[in-house]
Structures are given as structure tokens and as C-alpha cells.
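All of the numbers you see were taken from the coordinates with simple rules; none came from a lab. Every value quoted in this text rests on a predicted model; they were computed, and no experiment measured them. All Cβ positions, even for glycine, are placed from backbone atoms using ideal geometry, and neighbour counts span all protein chains on display.
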Amino acid sequence: MSKTERCHWMLDEVKSAGRENLDADHASEYDVKEDAGVMEELALMKRLGLNRQSEVVDIGAGTGQFTLAVASVCARVVAVDVSPVMLDVLKAKVSASHLPNVEIVQSGFLTYEHQGKQADFVYSRYALHHLPDFWKALALQRLRHIVRIGGVLRLWDVVYNFDPSEAEDRLDAWCATLSDNPKNGWTRADLEEHIRDEHSTFAWLLEPMIERSGFHIENVGYSRDGIFARYVARAI
Ligand SMILES: C[S@@+](CC[C@H](N)C(=O)[O-])C[C@H]1O[C@@H](n2cnc3c(N)ncnc32)[C@H](O)[C@@H]1O
């Protein structure tokens, strides 16, 4: 048990994992609803140096779309997630695909203890926003210890790239992009729940946290609506 796990003030990462991520029905439908864009992500990671010798940690891996894609081109991938039901889906896929180099660990940003040599890449998509900002800063510092100097953090999340004065207009416009019909996948209510109950933050708050943790942000791409950001950060 790590020191932080013994602390009574420690955040419960399972409770903060997001209602839907603990719901077995949601987990079983996740891959139909969400395309994690793994082929493009893999191409980027290869441009950044990913190869057959690379070791990767995918944190907040969920059903492991990225985990499975990267496993076929690297030496080792550790998929970390707090949600047992998301990991059940991933476990079934790993056992069906007979990939020998995938390890699955039920743990979180604040508790995962990396075994073996430091990773070359840490990957995280749509997961860090489950932590409030104070905990994001601690999580990023922990990620920095997982990855070797010169290694890469690829972070893709809902990150608000606008001024607080624009929040109402920007967020209303985002919610209006989806319908109320669950047959179409994600709904307007899902976005409202995200804004209300989860912890996406402003880019101008997150970026100093990334840099302060010992990463240099080499590249950032913001979506035009100011809702999503994708970072490539190098461990220094
Ligand atoms: C929206 S899913 C994203 C899954 C996957 N990364 C993808 O891009 O498809 C968010 C995942 O983050 C996980 N998660 C939430 N809080 C976490 C934490 N503190 N540590 C690790 N994983 C967490 C959830 O259980 C869920 O599987």
C-alpha cells in the first residue's frame, strides 16, 4: 500500500470515475459510441519515436481501443483504469486477441505504481478530467515519474480553451451539437453531465500544471470550438 493510499484525505478515484464509467451497460456499448481515433494516434506516436522496443502506459485506458492498437507495434503496454466494468471489456478483448504484451492494472492516476523500467510513452485520452484540479496536479507529477527523461506524454481531453466570460456561449453551443436521442450515441444530457459533474478545466490552468510537473509542451492542438485539446509533452 502506498503512502497516499493510507491517507484519510485521499480522493476516492473510483467514486470520481464518472457515473457512466462504472455502469456495465455503458461499458459494453462504449466502443460502438466512441471512436478513439487510434490509427491517427498511432501514426503520431510512431513519428514521435514509438517502435518495437517501446514501453507504453495507457492510463484511463477504458475498453482499451488505444491499448490494443499500440500493443501490436510495441514491446509492452500497461493499461490502467479504475473501473472494473471498463476493464472487463478490455480483458475480454485481450484474451480474444492473444496479445502477450498487454498488462491490465485496476488502479488510477493517484495510485498506480509502475513496475519495471520507466515507460517511453504515457498515453491518456478523456480521463484526466475526472480529477479536480488539485488532484490533476498530483496526477501529472506521478505521470512524470512513470515516464523516462525524453519520453512522451500524449494527453487528449476535454479542456476549455476560452475565457470564463465566454463559458456560457461556448458550452451552450457544444451541448447543442448533440440530440436527446440515445439511439444516436452520446446525447446532449451526456455533455451537460460532463460539464456539471466532471472536472474539465481551462487550458490556461492545465498547461502550467503540465509544465510544472516536469514536462515541456512541444505541441498542442485545440479544437475550433475551444472544447478539446491534444498535447504532446516531453519529459525533461
Ligand atoms: C471516457 S473513458 C476513455 C477511455 C479511453 N481512454 C478512450 O479514449 O476511449 C474515461 C476512462 O477514464 C477512467 N478513469 C476515470 N477516473 C480515473 C482515474 N482517476 N484513474 C484512471 N482512470 C480513470 C474511467 O474509468 C474510464 O474508463
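Quick rundown of the values:
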{"item": "Reachable aspartates and glutamates from Lys183, criterion Cα separation under 20 angstrom, eight or more residues apart if same chain", "result": "Glu20, Asp23, Asp25, Glu29, Asp31, Glu34, Asp35, Glu192, Glu193"}
{"item": "Cα coordinate range in the range 91-189, projected on the principal axes (Å, largest first)", "result": "47, 36, 22"}
{"item": "Gaussian network model of the chain, springs between alpha carbon atoms under 10 Å - residue of Ser124, Ser179, Ser54 with greatest fluctuation", "result": "Ser179"}
{"item": "Residue order, fewest to most beta carbons within 10 Å, for Leu143, Leu50, Leu178", "result": "Leu178, Leu50, Leu143"}
{"item": "Packing-based order for 188-194, 109-115, using average beta carbon neighbours within 10 Å, highest first", "result": "109-115, 188-194"}
{"item": "Rounded to 5, percent antiparallel among DSSP beta bridges of the chain", "result": "40"}
{"item": "Residue among Met209, Leu42, Trp174 farthest towards the positive dipole end of the chain, charges placed on Cβ", "result": "Leu42"}
{"item": "With 5 Å bins from 0: P(r) over the range 1-140, alpha-carbon pairs, percent", "result": "2, 10, 20, 22, 21, 15, 8, 2, 0"}
{"item": "Burial ordering of His130, His145, fewest other beta-carbon atoms within 10 Å first", "result": "His145, His130"}
{"item": "Euclidean distance between Cα centres, the range 132-172 to the range 213-236, Å", "result": "8"}
{"item": "Farthest toward positive dipole pole in the range 1-111 [+1 Lys/Arg, -1 Asp/Glu at C-beta], among His98, Gly62, Val32", "result": "His98"}
{"item": "Label-point gap, in nm, between Glu211 and Leu99 - each point 7 angstrom along Cα→Cβ", "result": "3.5"}
{"item": "The chain, helix-only ellipticity at 222 nm - DSSP H runs n ≥ 4, -39,500 (n - 2.57), divided by all residues, nearest 500", "result": "-11000 deg cm²/dmol"}
{"item": "Principal semi-axes in Å for the range 125-236 [√(5λ), Cα gyration tensor, largest first]", "result": "28, 14, 13"}
{"item": "Cβ-based exposure ranking for Val94, Val73, in which fewest neighbours within 10 Å come first", "result": "Val73, Val94"}
{"item": "Contact order relative to length of the range 61-169, as percent, for alpha carbon pairs under 8 angstrom and 6 or more apart", "result": "24"}
{"item": "Lysines with Cα under 28 Å of Lys117, excluding same-chain neighbours fewer than 8 positions away", "result": "Lys3, Lys46, Lys91, Lys93, Lys136"}
{"item": "Around Gly62: net Lys/Arg minus Asp/Glu count, Cβ-Cβ under 10 Å", "result": "-3"}
{"item": "The chain shape via C-alpha gyration tensor axes, a/c threshold 1.5", "result": "rounded"}
{"item": "Debye-sum result for the range 56-124 in log10 I(q)/I(0), which assumes one identical scatterer on each alpha carbon, at q = 0.12 Å⁻¹", "result": "-0.25"}
{"item": "Alpha-carbon centroid distance for the pair the range 41-55 / the range 82-102, whole angstrom", "result": "21"}
